Amino acid sequence: MPVIARPRPRGWYGRVANFFGFAEPFAGPMPLMTHRQFARAILPLFEEEIAERSAKIPPRVMALVKRIPKSVVRSIKKVQFMPQSEEKVGIRAETVPSWYTRTLPKSKRKLLLGRARFVRRVPFIKLFSGGAAHGTMAANVKTPFHEAGHELESFLFRDRELGRLLWSLYEEDPNAVLGFQRVTSVRMRDPHEVLAETAARRVFKRAGWPRWGEAYDAAPEWAKWAVEEAIKRAGGVP
């Protein structure tokens, strides 16, 4: 399993860093997921789509997961399933993309991510299974790909100028965003949600799921361009 951890600073630099207090404590190696582990983790969401359950991952699910860049999948530490409760209805998943954590002060960052903040990306994805909030299994299945889309946009939001450009494009193109919301039945409050949803629909379209591929065609052109740019910066799709 791939492991990424920040090494303990040594030598004179380490002593100075420790003295002034800006050296991060050593977190130790943390396991990150592979494509196969990610596919196996989200397999329970496909119970209605896949009749046979076997030791092997169904090729259709693997084809979906393979449409996500390897660097994005490996940035996820864990997928955790939570029982759906009345308070949780409407919250399909919870994740913290790295572009967001970098905007927080270190105290809040530490509180939010704990020891996992020293790994490259988000520590885990929480999925609330049982009783889809949007009324269909499709919404349940699409959730992990939407959250992977949030992490994919981290490659874009390292560039502040590009971040400002995406916000301006989102504000200048309200009709396209509203049309995309109607097609997907998902409320999108900011360009981050539009990009994550566009990335998720692109995964299904490229893997040959025409029902969700049609929604990708309705996405704003700037969102399609941004998703392709993010994939390029993430190292491309294997």
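The values are calculated or read from the model by the stated rules, or taken from the named source; none is laboratory data. Everything numeric here is computed off the predicted structure, so don't read it as measured data. Don't worry about glycine lacking a Cβ; one is built from the backbone with ideal geometry, like all the others, and counts go over all protein chains shown.
Filtering the range 37-86 to residues that are modelled with pLDDT under 90 and touching a Pro at 6+ places or on another chain (Cβ under 6 Å) leaves I42, I50, R74, K77. The residue that is modelled with the lowest pLDDT, counting only those in the range 181-229 that are of a type in the set (F, W, Y) and touching a helix residue (DSSP H, G or I) at 6+ places or on another chain (Cβ under 7 Å), is W212. Restricting the range 152-161 to residues that are assigned to a helix (DSSP H, G or I) and in contact (Cβ under 8 Å) with a residue 24 or more places away in the chain leaves a set whose member that is farthest from K142 (Cα to Cα) is F155. Taken over the range 166-189, the criterion of being surrounded by fewer than 19 Cβ atoms within 10 Å (Cβ to Cβ) and of a type in the set (V, I, T) is satisfied by V183 alone. In the range 160-180, the residue that is farthest from V194 (Cα to Cα) out of those that are modelled with pLDDT of 85 or more and among the charged types (D, E, K, R) is E161.
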